[in-house]
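The values are calculated or read from the model by the stated rules, or taken from the named source; none is laboratory data. Values in this document were obtained by computation on a predicted structure and should not be read as measured data. Using ideal geometry, Cβ is built from the backbone for each residue, glycine included, and neighbour counts are taken over all protein chains shown.
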Amino acid sequence: MRLRQLHLGDATTFAIVALVACGFVSLLRIGDGGTTLISIGPYLQRVLIFSFVQAGLSTLLSLGLGIALALALARRQFPGKEALLTFLGTTMVIPTIVAVFAVLAVYGRNGWVAQSLKSLGWTGSISIFGYPGILIAHVFLNAPFVAKVTLDGLNLVPAEQWRLATSLGFSSGQIFRHLDWPALRADLPGLAILVFLLCFKSFAIVLALGGGPSRATLEVAIYEALKVDLDFARAAWLALLQVAICVIIALALHGVVSRPPAATTFRGPMQRVDAADYRLKILDSVILLFGLLFLGPLALSVLVGLGSIPDILDLDLVGALMTSLTIAAIAGSLACSLALAIGAAVRHHRIAQASPRWAALLDLVPSALLAIPPFALTAGLFLLIRPWIDQARIGLILLPVVNGLGALPFAYRYIAPRLMQAEERYGRLSESLGMRGLARLKIVDWPMVQRPLASAFALTAALSFGDFGIIALFGGPKLRTLPYLLYERLGAYRFEEASALGLIILTVAFLLAQVSSRLSHAHD
Amino acid sequence: MLTIENCRLTWPDFTADYSLTIDEGTLCAVAGPSGGGKTTLLHMIAGFETPECGRLTYRGRNLLPLPPSQRPVAIVFQDHNLFPHLSVAENVALGLRPSLRLSAAEMTAVLEMLDAVGLRSYDRRKPGDMSGGQRQRVALARALISGRPLIVLDEPFSSLDPQLRRDMIRLVDTLRRKRNVTVIMSIHTPEDVADVAEQMVLIIDGKVAVNGSPAKVVSCIYDRGSSAKPTS
Amino acid sequence: MFSRIVFALLSSFLVIGTALAQAKPVLTVYTYSSFAGKYGPGKAVKERFEAACNCQLEWVTAEDAGSLLGRLRLEGTNTKADVVLGLDMNLASEAKSLNLFALHDMDLRGLSLPVAWTDDTFVPFDWGYLAFVYDTTMLAQPPKSLKELVENPSGPKIVLQDPRTSAPGLGFLLWMQKVYGDQSGNAWTQLKPRIVTFTKGWSEAYGLFLKGEADMVMSYTTSPAYHVSVEKKDQYKAAAFEEGHYLHVEIAGLTRTTKQPELAKAFLAFCLSDSFQSTMPEGNWMMPVKTPQSGLPQAFQDLIQPQKALLYTPDEVQENRRAFVDRWLNATAR
């Protein structure tokens, strides 16, 4: 019997799990010991049901719109498409409060829609508080991301299969069935989990647009326990409950659909044969028009900050920008390295060691991380490292670490599938050539992973760049990021300057994505 | 007879200009260095590339205006021929009916075809579970079952080991005689087909450099020495 | 070359910094971030105190009053805080139960607070009344009492903060409780149709109000002063309610673990001095607990002056908060 080889990625995963577990244990220990297992009373029950329903609906709608957009975009070529694709990758980064204000600026009581209707002589009143508001905001934030990831997946269908489809005379329906759908199905479970978790944890949006205290998620209860009741043990238990729910959902989705073996070759932009189908032309026009009408105004409303840009240009802004960029770069690198390590370990166990169960377990770790409430994680880590580190520096260390861990699931989604592909394609070859370790990484993996790594870095850096959750805990006169400046203004009645900052945050995120896509294309 | 007359295709850094005839029922091997224009020739015949000028006819019929699906051509690529989510039988059936709604007789034909390539018992397998050689046999079965008289194979067996490669070429040879189809096959190693092909063309820099019997072309290749190595 | 210059600069900073730090004792004050932030009074307070004490004041910040308390709880007796500035009365009892604060030993008579101050642990440093703020160009006739707001079915739409996550949100919950007592559940049910939403914090609610999503927003009587002083807009007003207004008092205290109790006490005394108090109105947009010599700024003099302060004691809040919140949840979460 061969001893199971321990992979570097295993160690990394253990380290992450241990770090998180220690954080939880410290939180539990600081509780007075009087806390027992929480019971799920009627309040929690209501919160849980609502969380499920709103997250489920948000996921369905985000996936629906995102996939429809991706298919329409895959079939159509038009000027400005590249910029549009870059934009799609950035909506996720919008600070929640900016998203809330954007939704209201368009669909609110005095929003653009209401004003246009009124100018047409309509006398009613619009209220989107409740499900409509929550769903609009969640779809606005997530559907473009879904579209981006799905489109990347669609582009991986090998050119040979497209030629075969042409040669065999596939109809549009058959093209969808045999080319698009298998590609979509490969991405769906992962994406669904990601979007579901994000919506399940959504907090400020749900409260602001929910319209009533029944519209609260588990994250609200955790926040309450942590910040109002100061019942850290309860917060930790609630957080564990959330992790458990999310892991179960992730497992269920993993079980329903497993990733079919990847088979891809690179191909340049190609004219799809089904682009000529007039029914699809109509469908795509409807989808793109709907997407434009729905997302366009929301994105445009962020531009209202333009007028106040001159008011915020000062040295503080430059300093905060530098701080934000530094933290984002560290968090992004951390997330990408961890994703690489875990991805490599999963691959190692699935293929070389043929232990798919262990691999599936490792595969779950990044998703599970997403389920951990950042407040609870931060508080736990704070307790852990406080004895050894100077007060003033704690924020500097925890900020990139927690942001990096939070962004890991996203990086992982980009990187892990490509690592697997590299193995499926060149694994036996490199094995027979005796390529191992760094040489193998450089020659076999690097060329395959380079592009997704660049995309992952841009996204994770941008996510960390837009983070407010953690900086709120550690920010202060000495540690200020751009989102911190934004909230500082919101707290001081300066709403217009805040919207200008929101615009700057988005612009930087957009530029990050743009640069990364340039860099990653340069090597093709 | 397939006739190619002065078909010209240009890219910023490459120009191809083909003239060639291939007799009915023969096996024509296409050799030449990588990047020399073998695949472009085959893609043009199948309809994936359109020449700017020239004529492409089969049995006197102009093929150029026809889309790939209406040409009398079935194609097999080096890789990615099969749809991983469909079973082996379904992959073959695509050649008969892309809708996969098959009559009982058509289903029987699919199974017989699988039998002919030696994969009768594999009908329910998924391509992911099969070896590279087996996958190419499935692709070959699909090309044959489509009933199209021209079969284009683009380096179909280059990734297989030499022994398996020769076995596969023998299989192609047997089947094309039995079903009386014309085969155009690009290859990496001309020696493999020397005893089965009636015709061989050497394509260099987008042009037909040598055209004739395999023996003639092979000897030409070695006469040319290092200036035009057939394999890269 | 470049790196050498940077190194030289950095090391000289370090040397100077350490020298300065060694020369003067450092007083560490925990506060909420907007107090020490760009627009808060923190900078002026630091300068003025350092000028008088021959020491160095260092701000350590947390997001808000709740986080401040959370941080203290996490740190326990290892805390580096000498003074904690910026808790509010609703948290006072919880703060005391941490057993971290020392008595202030100060005479707190004669403060310009609407209530007599008797607490021996915490020193109040500013205060304000909660109030609904509205735009006079949009709402001509605001309700004149809380009862009118609650009981008029065609009254104005309001936006509130969630009492589970926000200080003014909790304040308004207590206000409703003070006015309606055991009937507060019914009152919430009556008011509910006109509540646009309960936001996570003050900022979201105020932003929603400015965007026109609601006619009135829960804020402070001092909010209009900001619009007048900074934006030169006078259309925003606070609505005066007959039943009185709930009082919000911000407090400071010194820790019993401090290594420099004298300095900490000096700072608490400084909090009641003219140099500190004069920064409160237009720095923190709250009322000073001692009216500065120069008087209040004009914008503050024009504010509504509620006649009656409503207030629960900190112990009552700690005891009943859970029950009050549950009652609110039952009435509104349907």
Those residues of segment B:70-93 that are within 9 Å of chain A (Cβ to nearest Cβ), closer than 18 Å to B:Leu119 by Cβ and either in contact with an Asp or Glu (Cβ under 6 Å, 6 or more places away or on another chain) or of a type in the set (Phe, Trp, Tyr) (or both) come to a total of 1
Helices (runs of 4 or more DSSP H) contained in segment A:414-483 and holding at least 1 residues hydroxyl-bearing (Ser, Thr, Tyr) and under 30 Å from A:Ile205 (Cα atoms) | A:446-465
Condition met for B:Ser121 (closer than 19 Å to A:Gln174 by Cα, over 22 Å from the mean Cα position of the chain (by Cα) and without any contact (Cβ under 8 Å) to a residue 12 or more places away in the chain) = no
Mind checking which pairs have a first residue in segment A:464-476 that is more than 14 Å from chain C (Cβ to nearest Cβ) and closer than 19 Å to A:Ile372 by Cβ and a second that is at pLDDT below 75 and buried (at least 24 other Cβ atoms within 10 Å of the Cβ), Cβ under 6 Å, 6 or more apart or different chains?
-> none
For residues that are crowded, with 19+ Cβ neighbours inside 10 Å and under 29 Å from A:Gly89 (Cβ atoms), scanning just segment A:382-400, find the one that is farthest from the other protein chains (Cβ to nearest Cβ).
-> A:Pro400
Number of the condition not met by C:Gln56 [criteria: (1) within 26 Å of C:Gly201 (Cβ to Cβ); (2) without any contact (Cβ under 8 Å) to a residue 40 or more places away in the chain] = (1)
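Yes/no per residue for (1) within 14 Å of another protein chain (Cβ to nearest Cβ); (2) basic (Lys, Arg):
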{"position": "A:Arg76", "(1), (2)": "no, yes"}
{"position": "A:Lys81", "(1), (2)": "no, yes"}
{"position": "A:Gly89", "(1), (2)": "no, no"}
{"position": "A:Thr96", "(1), (2)": "yes, no"}
{"position": "A:Ala102", "(1), (2)": "yes, no"}
{"position": "A:Gly111", "(1), (2)": "yes, no"}
{"position": "A:Ala114", "(1), (2)": "yes, no"}
{"position": "A:Ser119", "(1), (2)": "no, no"}
{"position": "A:Gly124", "(1), (2)": "no, no"}
Give the residues of segment A:153-173 that are buried (at least 18 other Cβ atoms within 10 Å of the Cβ) and without any contact (Cβ under 8 Å) to a residue 24 or more places away in the chain, sorted by residue number.
-> A:Gln161, A:Arg163, A:Leu164, A:Ser167, A:Leu168
Quickly run through segment A:221-233 and pick out the residues that are of a type outside the set (Val, Ile, Thr) and either facing chain C (nearest Cβ under 7 Å) or touching a residue at least 40 places away in the same chain (Cβ under 8 Å) (or both).
-> A:Ala221, A:Tyr223, A:Glu224, A:Leu226, A:Lys227, A:Leu230, A:Asp231, A:Phe232, A:Ala233
If only one of A:Val113, A:Val100 is modelled with pLDDT of 85 or more and touching a strand residue (DSSP E or B) at 6+ places or on another chain (Cβ under 9 Å), which one is it?
-> A:Val100
Members of segment B:94-115 found to be more than 14 Å from every other protein chain (Cβ to nearest Cβ) and either of a type in the set (D, E, K, R) or surrounded by 19 or more Cβ atoms within 10 Å (Cβ to Cβ) (or both), listed by number = B:Glu106, B:Val110, B:Glu112, B:Met113, B:Leu114, B:Asp115
Filter pass, A:Leu218 being under 25 Å from the mean Cα position of the chain (by Cα), surrounded by 21 or more Cβ atoms within 10 Å (Cβ to Cβ) and within 14 Å of chain C (Cβ to nearest Cβ) | yes
Filtering segment C:264-306 down to residues that are aliphatic (A, V, I, L, M) and out of contact with any Cys (no Cβ under 9 Å at 6 or more places or on another chain) yields C:Ala264, C:Leu268, C:Ala269, C:Leu272, C:Met280, C:Met286, C:Met287, C:Leu296, C:Ala299, C:Leu303, C:Ile304
If we take segment C:39-152, then helices (runs of 4 or more DSSP H) inside it with 3 or more residues that are among the aliphatic types (A, V, I, L, M) and at pLDDT 95 or above are C:146-151
So is B:Ser146 under 22 Å from A:Thr166 (Cβ atoms), crowded, with 17+ Cβ neighbours inside 10 Å and among the hydroxyl-bearing types (Ser, Thr, Tyr) or not?
-> yes
Residue check: is B:Glu155 in contact (Cβ under 8 Å) with a residue 60 or more places away in the chain, under 18 Å from B:Ile45 (Cα atoms) and not β-branched (Val, Ile, Thr)?
-> yes
Return a yes/no flag: does segment A:166-175 have any residue that is among the hydroxyl-bearing types (Ser, Thr, Tyr), part of a helix (DSSP H, G or I) and away from chain B (no Cβ under 14 Å).
-> no
Report yes if some residue within segment C:236-258 is outside the structural domain of C:Pro143 (by TED's automatic domain parsing), surrounded by fewer than 19 Cβ atoms within 10 Å (Cβ to Cβ), part of a helix (DSSP H, G or I) and more than 18 Å from the chain's Cα centre (by Cα); otherwise report no.
-> no
Any idea which residue in segment C:122-164 is nearest to C:Leu310 (Cα to Cα), counting only those that are over 18 Å from the mean Cα position of the chain (by Cα) and among the hydroxyl-bearing types (Ser, Thr, Tyr)?
-> C:Ser145
Of the conditions (1) modelled with pLDDT of 95 or more; (2) within 18 Å of C:Ala140 (Cα to Cα); (3) away from chain A (no Cβ under 13 Å), the single one that C:Asp234 does not satisfy is (1)
Filter pass, A:Ala492 being touching a helix residue (DSSP H, G or I) at 6+ places or on another chain (Cβ under 8 Å) and either polar (S, T, N, Q) or in a helix (DSSP H, G or I) (or both) = no
Filter segment C:292-334 for residues that are assigned to a loop (DSSP other than H, G, I, E, B) and of a type in the set (D, E, K, R); which is nearest to C:Asp274 (Cα to Cα)?
-> C:Asp302
Pairs with Cβ under 6 Å, 6+ apart, first in segment C:38-50 and closer than 19 Å to A:Gly475 by Cβ, second of a type in the set (A, V, I, L, M) and crowded, with 18+ Cβ neighbours inside 10 Å | C:Tyr39/A:Ala492; C:Gly42/C:Ala36; C:Lys46/C:Leu57
